[in-house]
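These notes concern the structure reproduced below.
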Amino acid sequence: MGKAVLHEALKLNYQVKVLVRNPDKLGELKEKLEIVKGNLLDASSLEKALEGSNAVINLSGAVKEPDQLDKFQKIGKILMEKMKQQGIKRLINISLAVIPLPQEELELKRKLLSVFVNLFYKQKKQIQEIVMGIILNEKDIIWTLVRPAMVSGKAGTGKVLADEKKMPGTTIMLEDLGMFIVEQITSVEWIKKAPLVASNVN
């Protein structure tokens, strides 16, 4: 997902600074980016990555390490703190289709998907719930929480369907998700909203 976003941002001529644990995983993209080596728990490397930025795209998720829930509680708080310190208001954050906003009812399709996620990706869901809660408590952050359908590595369609309450499809291609996320840097359509997104395969 990170590479899909980076490819799209570079295609649109954005100047991109990326915070990564292992720069070698960026491959051929390394020469086109400003790279900060570190992680979201390291306040100093995060501060360096945010410096001079106008918007933040957070695609972080669980890794195979202990205490992930505690770590992401800290990550969310550090990210909000450092964004506010540097006067950065725009945040596009990845989430999950099965995580509702407060007072939001899950439709049947998302309820069924939630059963699957709870069986196989429970910790990933819990982490995103923690991060979402922290973001929603920040009144000064201009957030968009992107909630994708099941992600596919097939070729993108170039068209994304988005809806506030219902999943508009079952699958989103990685390229399409990257395109939609980068579009939110300047778009005002989904400010302080959590669009459910899928590829338009028709």
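Quick notes on this one:
- Only one entry in L40, L46, L79, L6 is aliphatic (A, V, I, L, M), in a loop (DSSP other than H, G, I, E, B) and closer than 27 Å to E129 by Cβ, namely L40.
Yes or no, residue by residue, for (1) under 20 Å from T144 (Cα atoms); (2) at pLDDT below 95:
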site: M1; (1), (2): yes, yes
site: V18; (1), (2): yes, no
site: N22; (1), (2): no, yes
site: E28; (1), (2): no, yes
site: N39; (1), (2): no, yes
site: D70; (1), (2): no, yes
site: M80; (1), (2): yes, no
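- Only a single item in (1) assigned to a strand (DSSP E or B); (2) open to solvent by 40 Å² or more (accessible area, probe 1.4 Å) is not met by P168, and it is number (1).
- Considering (1) in contact with a helix residue (DSSP H, G or I) (Cβ under 9 Å, 6 or more places away or on another chain); (2) under 22 Å from A194 (Cα atoms), the lone condition that Q68 does not fulfil carries the number (2).
- Yes/no for K64 being free of Cβ contacts under 8 Å to residues at least 12 places away in the same chain and either under 16 Å from the mean Cα position of the chain (by Cα) or over 21 Å from L145 (Cα atoms) (or both): yes
- Note on the range 52-66: residues that are out of contact with any strand residue (DSSP E or B) (no Cβ under 9 Å at 6 or more places or on another chain) and of a type outside the set (G, A, S) amount to 4.
- V117 over 21 Å from I142 (Cα atoms) and modelled with pLDDT of 95 or more: no
The values are calculated or read from the model by the stated rules, or taken from the named source; none is laboratory data. As the structure is a computational prediction, the values presented were derived from the model and not from experiment. All Cβ positions, even for glycine, are placed from backbone atoms using ideal geometry, and neighbour counts span all protein chains on display. Protein only, heavy atoms only, side chains kept; ligands, DNA and RNA dropped before computing areas. Shrake-Rupley method; radii C 1.70, N 1.55, O 1.52, S 1.80 Å.
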